[in-house]
Amino acid sequence: MHQSKRPTIDDTLSTFLRTLSGANKSAATITAYRTDLLQFVHFLHATNCTVAAPADVSRGDIAEYLAHLAERGASGTTCARKLASIREYFRFLDVQGLVAKNPTLGVQTPKKERGSRTALRADEYTKLLSLAGANPRDYAILQVFLQTGSRVSELCALTREDVDFERRLLRIASGKGMKTRSIELEKKGIQAIKSYLAVRPASLSDTLFLNYQGEPLSERGVRKMVAKYLKASGITKKISPHSLRHTFATYKAERGVSPYVLREWLGHARLDTTQIYVHMARENTKKAMEATSL
């Protein structure tokens, strides 16, 4: 086949999604496939300029994508689901004779860690907040994590316009501006952001959280900041910024927040992802009941 006539990833992706529609798959299923595959394609375009057609995708590209997701705090369950979408796409291409070899073959499915999400206890996150109290920026970041359950990428993307002080709302953009959600902030969260803005460095950037050079704070910078306070607090369990999201979700689920409300707050695409926290909350309640039996 002539190089210029090779079907592109975008063309074959559109055909694949149309095939799903023809196979009478639900709208939710097709949307999930589209989201998963578009995120993968975006990663390919950003990291490998030689990939133009499906045949250019290697097993290494897929392995690197899964590693990238894990580094950004995606759970094993999420990574496994995204790999399943990629596998289905390449299975379709294989049947159509559009790839000589299926690059998903030999890629190990990430382990699904049901119920093993690490969260902080109330005394632990209180200690973190106490240690960060002298630093307005770090204190505000921890408050935003714990009050909104935002992802580290979402927190780094916040701008000053995303804070509505009058209505006490924080507007969070999920992914590449694909979806936005608003979540209420308690008084202490609003006050923490106000205190930080009073000492925020002057900058041309409108990004809310800046580093000490007045540039947008990176995800790596946030991870280093969280690690610093964990070390100072003496907390030894494995905690990341994503664990603060788990802390928020677990705390809300244990206090009876509806899975539908929690899903909206967390910006989950699927309800079953949110349900994990509800199951964990029930398990924790069961353990507490057994531990305090009369």
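Every condition in (1) surrounded by 13 or more Cβ atoms within 10 Å (Cβ to Cβ); (2) within 22 Å of S130 (Cβ to Cβ) holds for L170 except the one numbered (2). Taking the criterion of being assigned to a loop (DSSP other than H, G, I, E, B) and modelled with pLDDT of 95 or more, the only residue of the range 194-204 that qualifies is R200. Taken together, the criteria place R87 among residues that are under 25 Å from A53 (Cβ atoms) and without any contact (Cβ under 8 Å) to a residue 24 or more places away in the chain.
Which one of these is surrounded by 18 or more Cβ atoms within 10 Å (Cβ to Cβ) and at pLDDT 95 or above: A119, A157, A132? Residue meeting the stated conditions: A132. Among (1) exposed (fewer than 13 other Cβ atoms within 10 Å of the Cβ); (2) farther than 15 Å from L129 by Cα, where does R223 come up short? Result: R223 passes all but (1). So which residues in the range 135-173 are in contact with a strand residue (DSSP E or B) (Cβ under 9 Å, 6 or more places away or on another chain) and charged (D, E, K, R), if there are any at all? Correct list: R137, R151, E154, R160, E161, D162, D164, R167, R168, R171.
For the range 18-49, the candidate set comprises residues that are in contact (Cβ under 8 Å) with a residue 40 or more places away in the chain and among the aromatic types (F, W, Y); within that set, the residue that is surrounded by the most Cβ atoms within 10 Å (Cβ to Cβ) is F40.
G73 satisfies every condition listed in (1) at pLDDT 80 or above; (2) surrounded by 14 or more Cβ atoms within 10 Å (Cβ to Cβ); (3) closer than 30 Å to T118 by Cα except (1).
Report whether or not I86 is surrounded by 14 or more Cβ atoms within 10 Å (Cβ to Cβ) and in a strand (DSSP E or B).
No, not satisfied.
Summed over the range 173-193, residues that are under 16 Å from the mean Cα position of the chain (by Cα) and assigned to a loop (DSSP other than H, G, I, E, B) total 4. For the range 202-243, a residue qualifies if it is touching a residue at least 12 places away in the same chain (Cβ under 8 Å) and hydrophobic (A, V, I, L, M, F, W, C), and the qualifying residues are A202, L208, F209, L210, L217, V222, M225, V226, L230, A232, I235, I239.
Here the range 1-49 is the region considered, the condition is being charged (D, E, K, R) and part of a loop (DSSP other than H, G, I, E, B), and the residue that is farthest from A74 (Cα to Cα) is R6. Of all the residues in the range 218-248, those that are within 16 Å of A122 (Cα to Cα), under 18 Å from the mean Cα position of the chain (by Cα), hydrophobic (A, V, I, L, M, F, W, C) and outside any loop (DSSP other than H, G, I, E, B) number 2.
Out of A74, A67, A52, which single residue is free of Cβ contacts under 8 Å to residues at least 60 places away in the same chain, within 26 Å of P241 (Cβ to Cβ) and assigned to a loop (DSSP other than H, G, I, E, B)? One residue alone meets the criteria, A74.
The values are calculated or read from the model by the stated rules, or taken from the named source; none is laboratory data. None of these values were measured; they are calculated from a predicted model. Cβ coordinates were reconstructed from backbone atoms using ideal geometry, including for glycine residues, and neighbour counts include every protein chain displayed.
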